[in-house]
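Okay, so here's the structure we're looking at.
The values are calculated or read from the model by the stated rules, or taken from the named source; none is laboratory data. Please read all numbers here as calculations on a predicted model, not as lab measurements. Cβ placement follows ideal geometry from the backbone for every residue including glycine, while neighbour counts extend to all protein chains displayed.
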Amino acid sequence: MPISALPAKDGLKKALRLISSRVSSLGSSGLGPTGPGSTGLRSSGRRSSGLRSTGGLTLPAALALPLTAAVSRRAADDRSPASSLLQLEDVLSIPVPESNAENEAADQAIAEGQFLARQDRWDTLEKRIAEVDLARDATPGGTSIADLIAYGARADVINAVDHALMAGLPLTERVTLEGIMSLERVRLEFGRSPVLSTVVALAHLDIAWACRRNSARGAAHGKGALSPRATAHHARAGEILSMLPDTCSAHPFHQAARCALYSGGGPAAPRQIADDYIDLIQMAPGNPRHLRALGTHLAEQDHEGLSALDLEARRVAALVESDWGAAGYTWVYFDALARSDAACARLDVDFFLEGVGDIVARAPNQDRVNLLSAYCSIVLKPDPKADPEARRVRNRIAEAANWLIRDHLRELNPLIWAHAGAGFDNDAQVSSARTFAERGRADALRAIADLFRDDIEAGHRVVFTPEGPRVTPG
């Protein structure tokens, strides 16, 4: 691959200015957000992890859960659900908060990384990532602050490439290389420091992911060339991470990057995947993303990986029992169940449901209650094409939506429900965040209304309060 880059003395800011001028026609959003209020998809001020918008930050491969479940994918459909939503709102009322502590913490960390990169303050960025990684700082939901700062630092480069590929610019355009090569120069300028090396490796993984996604969709001209480009970026990420000192394996920031290599990296030994993730989970047991990613990557290894799934889920459950109770088992299986009928056949349903209860009992925040409720109500909906045993397992778990919503749901996060409606597909194409959120809200209201069908048909109205749902006269 021919490489052309700006001199290191010019820094990343000049590269971004050049990139911006080449992709300005891609929309008013340009390269992404300019402050903490603009990260990711938003509706009513809320940010959604793992969703994709043509005008905002996209989730990095290291943070994403690369799952494409066999459920309805309506994210690209912009037909408004407004009429049905108005009818449901006549009989059902539930608060939709503007923001919460999880979103604010994530936004602040991403904005910090983005600001420091734009100012070419790489020494400060390096110190901050090392500092929060050593302290194991995390959002209330367990997401690593170091991962989020690192994502903010590379977000402009990644989104420039993503926008260019979606717009159909050919790979010969400098916009697809200038940003990443400037990051490579920064790495060299700072003596290949472990922190900045990991940031650059993660940027290569994100670009590889963008190339694979756009190749599959045929969104770029010369789409056949995207697969080799993805392979090259993935290989470069692996090469950089292989040069890190052995001591880096004791730090979750670097270990998470090594585990991210399993995203789209082809066949791998299930035991090696599990061992690498176990090392990471031991350092950050409170981050459910690592547990979910382990299950997803094992399921991607077909029969051999699925054969190891239950054993590794139990291994993780024992490891994180003090933090999660039985929920370690649940998190490892969480995405694999939606993805694979074979995973359902191996599941201990009672153990899984015990873990659902422990998630609510030990981490009782409304985002997680929304996630579990949407998972049971939408993601595990019966699929007539599924194996009968898989349908039975999913149906039994889906019944948990009843007590989750009645006993624990107090407010609505529409984007979580919309993401569930897209099968938790982190590559779901979203042309309008507002429409996507409204669809999620409508899906949630329909699911809730179905649980209270008898009360609503009797002429009552359901109102969710801080103490729980109340049935009142219509």
* Asked: Within segment 115-139, restricting attention to residues that are touching a residue at least 60 places away in the same chain (Cβ under 8 Å) and more than 22 Å from Gln255 (Cα to Cα), which residue is surrounded by the most Cβ atoms within 10 Å (Cβ to Cβ)?
  -> Ala117
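On the given criteria, is Asp367 in contact with a Gly (Cβ under 7 Å, 6 or more places away or on another chain), surrounded by fewer than 23 Cβ atoms within 10 Å (Cβ to Cβ), of a type in the set (Asp, Glu) and outside any loop (DSSP other than H, G, I, E, B)? Steps first, please.
On the way: in contact with a Gly (Cβ under 7 Å, 6 or more places away or on another chain): yes; surrounded by fewer than 23 Cβ atoms within 10 Å (Cβ to Cβ): yes; of a type in the set (Asp, Glu): yes; outside any loop (DSSP other than H, G, I, E, B): yes.
Here the answer is yes, as Asp367 does meet what is asked.
Does Ile273 fit the bill of being over 16 Å from Asp147 (Cβ atoms), at pLDDT 95 or above and β-branched (Val, Ile, Thr)? Before you say what the answer is, go through the steps one by one.
Working: over 16 Å from Asp147 (Cβ atoms): yes; at pLDDT 95 or above: yes; β-branched (Val, Ile, Thr): yes.
So Ile273 passes the test.
From the set of residues in segment 173-191 that are assigned to a helix (DSSP H, G or I) and acidic (Asp, Glu), which is farthest from the chain's Cα centre (by Cα)?
Taking segment 173-191 and keeping what is assigned to a helix (DSSP H, G or I), we get 174-176, 178-189.
Adding the requirement that they be acidic (Asp, Glu) leaves 178, 184, 189.
Values: Glu178: 26, Glu184: 25, Glu189: 32 Å.
Selected residue: Glu189.
Does Ala216 satisfy the criteria of being under 14 Å from Arg154 (Cβ atoms) and assigned to a helix (DSSP H, G or I)?
Details: under 14 Å from Arg154 (Cβ atoms): no; assigned to a helix (DSSP H, G or I): yes.
So Ala216 does not fit the description; no.
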* Members of segment 260-280 found to be assigned to a helix (DSSP H, G or I), in contact (Cβ under 8 Å) with a residue 40 or more places away in the chain and surrounded by 18 or more Cβ atoms within 10 Å (Cβ to Cβ), listed by number -> Ala260, Pro270, Ala274
* To do: Name the residue, out of Ala256, Ala308, that is part of a helix (DSSP H, G or I), modelled with pLDDT of 95 or more, small (Gly, Ala, Ser) and out of contact with any Asp or Glu (no Cβ under 7 Å at 6 or more places or on another chain).
  => Ala308
* For Asp427, work out the one condition from (1) over 30 Å from His163 (Cβ atoms); (2) at pLDDT below 95; (3) part of a loop (DSSP other than H, G, I, E, B) it doesn't fulfil. => (1)
* What number of residues in segment 294-308 are among the hydrophobic types (A, V, I, L, M, F, W, C), surrounded by fewer than 24 Cβ atoms within 10 Å (Cβ to Cβ) and under 12 Å from Ala274 (Cβ atoms)? -> 1
* Structure fact -> Counting only residues in segment 86-103 that are in contact with a helix residue (DSSP H, G or I) (Cβ under 9 Å, 6 or more places away or on another chain) and not in a loop (DSSP other than H, G, I, E, B), the one surrounded by the fewest Cβ atoms within 10 Å (Cβ to Cβ) is identified as Glu89
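Quick grid of which residues meet (1) under 30 Å from Val369 (Cβ atoms); (2) buried (at least 18 other Cβ atoms within 10 Å of the Cβ):
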residue: Met243; (1), (2): no, no
residue: Thr247; (1), (2): no, no
residue: Gln282; (1), (2): yes, no
residue: Arg289; (1), (2): yes, yes
* Leu226 is checked against (1) at pLDDT below 95; (2) hydrophobic (A, V, I, L, M, F, W, C); (3) surrounded by fewer than 22 Cβ atoms within 10 Å (Cβ to Cβ) and fails just one. What number does that condition carry? -> (3)
* Lone qualifier among Leu134, Leu116, Leu125, Leu165 - being in contact with a Ser or Thr (Cβ under 6 Å, 6 or more places away or on another chain) and farther than 25 Å from Gln366 by Cβ -> Leu116
* Criterion (of a type in the set (Ser, Thr, Tyr), modelled with pLDDT of 95 or more and at negative phi) met by exactly one of Ser322, Ser263 -> Ser322
